[in-house]
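I have placed the structure first, in the form of structure tokens, so that the comments after it can refer back to it.
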């Protein structure tokens, strides 16, 4: 389902199924429950980065999948308010700087991707 001009709901779907967790108790079976505010902020970020496409590498996570990937307890991904992203030809540090400027609540800087979320308050970290 189209969520915005550049994002589709399937981009945010939990990856529990494709990681072989189909029969694991608590698996959501690949559902998505993404925040409208997150999608709006991602559209803003795309525009700020010269309209370069954003790839969502991790969006929604059921609790089962979040444990599987070693996600934080209380992860914003479980709430549908976070995405780990990459932008072709843009360094993750530059993506993070742009995300901070447009007001994402959470911004995590990693060597190969950037975490963004729309939590209340502000959180910044490096992974």
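The values are calculated or read from the model by the stated rules, or taken from the named source; none is laboratory data. Predicted model, so just to flag it, every value in this text is computed and none were measured. FYI the Cβ positions are ideal-geometry reconstructions off the backbone, even for glycines, and counts take in every protein chain you see.
Looking only at segment 57-71, residues that are within 13 Å of residue 113 (Cα to Cα) and crowded, with 21+ Cβ neighbours inside 10 Å come to 1 in all.
Hey, among 107, 78, 95, which residue is touching a strand residue (DSSP E or B) at 6+ places or on another chain (Cβ under 6 Å) and either assigned to a helix (DSSP H, G or I) or over 23 Å from residue 13 (Cα atoms) (or both)?
Criteria check complete, one pass: 95.
When segment 111-124 is limited to residues that are under 13 Å from the mean Cα position of the chain (by Cα) and in a loop (DSSP other than H, G, I, E, B), the one that is surrounded by the fewest Cβ atoms within 10 Å (Cβ to Cβ) turns out to be 119.
Annotation note: Cβ proximity below 6 Å between a residue of segment 5-19 that is on the phi < 0 side of the Ramachandran plot and in contact (Cβ under 8 Å) with a residue 12 or more places away in the chain and a residue that is in a loop (DSSP other than H, G, I, E, B) and crowded, with 21+ Cβ neighbours inside 10 Å (sequence gap 6+ or interchain) occurs for 12/34; 12/59; 12/60; 14/60; 14/61; 14/62; 16/62.
With respect to residue 9, is the statement that it is more than 20 Å from residue 127 (Cα to Cα) and at pLDDT below 95 true? First the steps, then the outcome.
Values: more than 20 Å from residue 127 (Cα to Cα): yes; at pLDDT below 95: no.
No.
Restricting 21, 42, 17 to those that are surrounded by 19 or more Cβ atoms within 10 Å (Cβ to Cβ) and at pLDDT below 95 reduces the list to 21. Which of the residues that make up segment 87-107 are under 11 Å from residue 124 (Cα atoms) and at pLDDT below 95? Correct list: empty. Filtered by the rule that a residue be out of contact with any strand residue (DSSP E or B) (no Cβ under 6 Å at 6 or more places or on another chain), more than 19 Å from residue 125 (Cα to Cα) and not in a loop (DSSP other than H, G, I, E, B), segment 46-74 gives 47, 48, 63, 64, 65, 67, 68.
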